[in-house]
There are 2 protein chains.
Amino acid sequence: MNLLVKEPKTKRGLNTLNRICDSAKQLFYEKGYHNTSINDITDGANIAPGTFYIYFNDKYNLYKYLLLQYSHDIRKSIRLATENCESRYERERIGLKTFLKYIHKHKNAYHIIWESLYIDYELFRAYYVDFGQRYSNGIIAGQKENEVRNVDPTVLSFMLMGISNFIGLNYAIFADGKDFDDVVDKVMDILKNGMFKK
Amino acid sequence: MNLLVKEPKTKRGLNTLNRICDSAKQLFYEKGYHNTSINDITDGANIAPGTFYIYFNDKYNLYKYLLLQYSHDIRKSIRLATENCESRYERERIGLKTFLKYIHKHKNAYHIIWESLYIDYELFRAYYVDFGQRYSNGIIAGQKENEVRNVDPTVLSFMLMGISNFIGLNYAIFADGKDFDDVVDKVMDILKNGMFKK
DNA sequence: GTCTCACATGAAGGACCTTTCATGTTTAGT
DNA sequence: ACTAAACATGAAAGGTCCTTCATGTGAGAC
């Protein structure tokens, strides 16, 4: 039972709900959450304004519903892509590449997640603290396996999240690169050998 | 001559303009740009609604004015703090520390800059592309001085911006740390020696 | 075939927001 | 002190948006 959405009980209802979500995803990406009215969403879904309230209490609940969907989806992608990696190095490399491919394919996801800072600060904070926590656990595992240097896991996890996000910003959002192998290799080289000469 | 603001010509006018800006900075931080009405701003500044339009054409122009102010201010801080650094390493260390201190002191700056993604995408893009460009130039200089490894300057600059932003997010925005020496040292160690064992 | 619940509609009330402007007050220079 | 320009006011017009609800239609159970 999902508290954010009033789940439909017929095929027709499910179809309408999906149309609302698709319309909202597109509009939130194009115009942003605040500039998208419920009328815009229902217009995009080809339904009457009142129909919206059959499924959601308000725009905020719809937003939260989509955010959680994306946040699960992005994690699942990375988990699936990295679960068979042999080394921590390889896991990091594939994780970064998967992240870049994901936000390139779902640019709306990047927008919706960051926008939470301006819609619900606690949601935003929870998202990154939780993501950081999981990342830290992976780093600690890598340290036990003697592959990762003995550095502060929290510091390293936020560094790595920052790197993914900003490399993604430039190479997947600003530029429209299709192939991320080159940039991923460059990042991994710096993560491995540092940025300064010895 | 600034096109964003109608500059006042008396002390009284200057005082009113400052009150508007202070009120807006506080409210944009607390409630976000979109949830702040012009009435909220004028209430906070203790002036009548109409007075707002003596200084700005609309809320967007005020926003842009504040964004440019912060963006100059933050760069100036970093420039002043790093201009006497002897090495590229030291410059990076002091730059990061200054950035963290700045956004800790002016949390609104962090919010206002990121919020541009949801207010004016081109402004957001221009901000980071330009920042990245300047950062790259510094990196290239460091490479010529034989201090920085021969890596892609754009990749490295976006990595470093990402690191600053996310370390800032966790240690200056989420947590309320006052002293950043420890976390800066930890970051610098990873930037120097990488994250993996050899 | 009929009954019932699920779903859909769109007009309308009400809240909120931006912006203008005619009027009034203050400031700075002479 | 006088005057012209600068600044301040707040009521009100006009717009957008959210949300409700009485009414209507469709779909599945028996």
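The values are calculated or read from the model by the stated rules, or taken from the named source; none is laboratory data. Just so it is clear, the model here is predicted, and its values are computed rather than measured. Please note: Cβ atoms are built from the backbone with ideal geometry, for glycine as well, and neighbour counts cover all protein chains shown. Only protein heavy atoms, including side chains, enter the accessible area calculation; ligands, DNA and RNA are left aside. Shrake-Rupley method; radii C 1.70, N 1.55, O 1.52, S 1.80 Å.
List of remarks:
- Pairs meeting the criteria (first residue in segment A:1-29 and among the small types (Gly, Ala, Ser), second residue within 11 Å of DNA strand C (Cβ to nearest atom), beta carbons under 7 Å, at least 6 apart or on different chains) are A:Ser23/A:Ala45.
- Residue match in segment A:18-31 (condition: within 10 Å of DNA strand C (Cβ to nearest atom) and more than 14 Å from chain B (Cβ to nearest Cβ)): yes
- Taking the numbered list (1) free of Cβ contacts under 8 Å to residues at least 60 places away in the same chain; (2) away from DNA strand C (no atom under 16 Å from the Cβ); (3) outside the structural domain of B:Tyr121 (by TED's automatic domain parsing) in turn, B:Ser37 passes all entries but (2).
- Every residue from segment A:37-49 that is open to solvent by less than 50 Å² (accessible area, probe 1.4 Å) and within 6 Å of DNA strand D (Cβ to nearest atom): A:Ser37, A:Ile38
- Segment B:50-69: number of residues that are in a loop (DSSP other than H, G, I, E, B) and surrounded by 13 or more Cβ atoms within 10 Å (Cβ to Cβ): 2
- The one condition from (1) at pLDDT below 95; (2) farther than 22 Å from B:Arg125 by Cα that A:Gly95 does not meet is (1).
- Within segment A:78-86, not a single residue is buried (at least 17 other Cβ atoms within 10 Å of the Cβ), farther than 22 Å from A:Gly168 by Cα and touching a residue at least 24 places away in the same chain (Cβ under 8 Å).
- Screening the candidates B:Leu4, B:Leu17 for the property of being under 25 Å from the mean Cα position of the chain (by Cα), within 12 Å of DNA strand D (Cβ to nearest atom) and not aromatic (Phe, Trp, Tyr) yields one hit, B:Leu17.
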